[in-house]
Amino acid sequence: MRISVIGCGYLGAVHAACMAKLGHDVTGIDVDPAKVSELSNGHATFYEPVLDELLSEVEESGRLRFTTDMSAAKNCQVHFICVGTPQKRGENGADLRFVDAAVDGVAPYLDPGDLVAGKSTVPVGTAARLEEIIHASEPDAMLVWNPEFLREGHAVSDTLNPNRFVYGVPDGSEDHPAVAILDSVYEEPLAKGMPRLVMDYATAELVKTAANSFLATKISFINAMAEVCEATGADVTRLADAIGIDDRIGPKFLNAGIGFGGGCLPKDIRAFMARAGELGADQALTFLREVDAINMRRRTRVVELTRQLCGGTLLGQRIAVLGAAFKPESDDVRDSPALSAAAQLQLQGATVTVTDPQALPNAAKRFPELPLEPDLEATLAKADAVLLLTEWKIYRDLDPHETLALVASPRILDGRNVLDPAKWRAAGWTFKGLGRP
Ligand code: UDX
């Protein structure tokens, strides 16, 4: 099928490459000429495992190209909307400017029978409004809401083999013609037996926000347990192991630590609360305010624990921060708890050095005053305390004896609960975890 993908960021660049991998003829469209030029040379403008290899492979096959010219959508049958929906400045709601611009931009190029497929995360009610815009331009074009659940760091495999497909169509019916078109797009993964659920627009939009809210709630639940553990001397990691064995609860997303960040979970729960307020259903989601507050308290807790680790004061203490990305295998620093804690420590008088295998260029843009060091050993050199804040494998694999030889004082805070405290203590370290004795 001939497909256009509008918006070539974290979501769209991956989606475009994966659709070409599935055998479709794909044109990626983005307003940013620099992004288009990099992508056209087989390079994503962000770090995502295996994406560059995939881009080169499908570009060489001739099935994928990128352009800034919206008229390239003209001969495509399916148009995926993959632009961002960031949080509005100073408000909780989502900024739909880019979604509106993408739909306004593609509308004049639609032919009868064309399908616009929305993948961006939007407030419930958006699809019905966008359908009107599309119909005003081409009454016989269709809109389907097809939310995306990919995780950064696993984006390619999550797009090629998602664990479910959700199609939102106006009447919620399997017989809607948009269903057959999307089934052809996803023929290969569907043939492997991936579940596919057809529903109305509003439900499809809510699936995405509900899923992210649940994940955020699960993380904040275990972080709330970490607070209680800290007050009682209990160990939240053993608690999570034990409750996670119950398959009604499950072990995933029960890693207590410095909390969630990134471009999705924090802004999605806030946009969801804002939308519920507009709909007069704000009481239903007031618990998400608490989820957000628990998450933010973790960042403050890191600062407090570091102060304790340094003997009661941060002034002049050299702190080595391992990790800037909001999670490993990503260079994304949007709402990164690691960087937020590093910046607070610096403001409170510590001499902070941050390292990360991928995210330093993005960290420099967001926090230009934070000293960044690409070399791990140089970061650790003469440190008074080491903080592991993003659980990259190279940090999880650090040897306590070798690390001890580099630092000034053997003190470590494991912000992700991924190190073995007994091993580090045995090597002579003062060790602190979050929610652990
Ligand atoms: C998330 C959803 O998982 C994905 O389905 C959706 O499409 C987009 O949002 P992503 O933002 O890539 O994906 O990251 P995710 O892996 O969910 O992690 C989010 C944050 O939670 C990270 O900061 C991570 O470090 C943190 N986290 C995750 C925890 O603190 N504890 C956990 O147990 C799991």
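Here the spin labels are modelled as points 7 Å beyond Cα on the Cα-Cβ line, and at Glu304 and Phe253 they lie 2.6 nm apart. Under Stokes-Einstein, with the Kirkwood radius over Cα pairs as Rh, the value for the stretch 2-194 at 37 °C and 0.692 mPa s is 197 µm²/s. Can you figure out the FRET efficiency of Asn41 with Ala381, using R₀ = 41 Å and their beta-carbon distance, to the nearest 0.05? Calculated value: 0.65. Using a simple spin-label model with pseudo-atoms 7 Å out from Cα toward Cβ, Ser61 and Ser157 lie 2.0 nm apart.
Counting Lys and Arg as +1 and Asp and Glu as -1 over every other residue whose Cβ lies under 13 Å from the Cβ of Asn223, the net charge comes to +3.
A straight Cα-to-Cα reach below 16 Å connects Lys119 with the lysines Lys208, residues fewer than 8 places away in its own chain not being considered. Rounded to the nearest 0.05, the FRET efficiency derived from the C-beta distance between His401 and Ala128 at R0 = 51 Å is 0.25.
For Asp111 and Arg297, calculate 0.36 nm times their separation in residues minus their Cα-Cα distance, and state this gained length in nm to one decimal.
Length gained, Asp111 through Arg297: 61.8 nm.
Taking 0.36 nm per residue of separation and subtracting the current Cα-Cα distance, fully stretching the chain between Asp69 and Ala281 would add 72.2 nm. Helices assigned as whole DSSP H runs in the chain whose Cα atoms extend at least 24 Å along their own long axis and whose mean Kyte-Doolittle hydropathy is 0.0 or higher are found at 201-232.
For the stretch 235-437, averaging the sequence separation of C-alpha pairs within contact (under 8 Å, six or more residues apart) and dividing by the residue count gives a relative contact order of 22 percent.
The apolar share of the surface of the stretch 304-354, taken as the fraction of accessible area on carbon and sulfur atoms (1.4 Å probe, ligands and nucleic acids excluded), comes to 51 percent. Partner lysines whose Cα lies under 24 Å from the Cα of Lys382, excluding those fewer than 8 positions away in the same chain, are identified as Lys393, Lys423, Lys432. Computed from backbone phi, the HN-Hα couplings of the stretch 359-370 come to 9, 5, x, 5, 4, 5, 5, 7, 10, x, 8, 8 Hz, rounded to whole numbers (Karplus: 6.51 cos²θ - 1.76 cosθ + 1.60, θ = phi - 60°; Gly and Pro given as x). Share of carbon and sulfur in the accessible area of the stretch 111-204 stands at 52%, probe radius 1.4 Å. Measuring r between the beta carbons of Ala422 and Asp140 and using R0 = 45 Å, the FRET efficiency lands at 0.10. In terms of its C-alpha gyration tensor, the stretch 308-356 has a prolate overall shape, because the principal axis ratio a/c (a ≥ b ≥ c, square roots of the eigenvalues) is not below 1.5 and a/b outweighs b/c. Relative to its residue count, the chain spans a Cα convex hull of 150 Å³ per residue.
Exposed loop trypsin sites (Lys or Arg not before Pro) only (DSSP loop, at most 16 other Cβ atoms within 10 Å): please give the longest stretch of the chain free of them, not including the sites. Formally, the longest exposed-site-free interval is 253-381.
Counting only heavy atoms of protein chains, what accessible area per residue, in Å², does the stretch 218-362 have with a probe of 1.4 Å?
Accessible area per residue, the stretch 218-362: 42 Å².
Per residue, the stretch 64-202 exposes 42 Å² of solvent-accessible protein surface, assessed with a 1.4 angstrom probe and all protein chains in place.
The values are calculated or read from the model by the stated rules, or taken from the named source; none is laboratory data. Since the structure is predicted, the reported quantities are computational estimates derived from the model, not experimental observations. Don't worry about glycine lacking a Cβ; one is built from the backbone with ideal geometry, like all the others, and counts go over all protein chains shown. The area values use the complete protein model at the heavy-atom level, side chains included, leaving out ligands, DNA and RNA. Shrake-Rupley method; radii C 1.70, N 1.55, O 1.52, S 1.80 Å.
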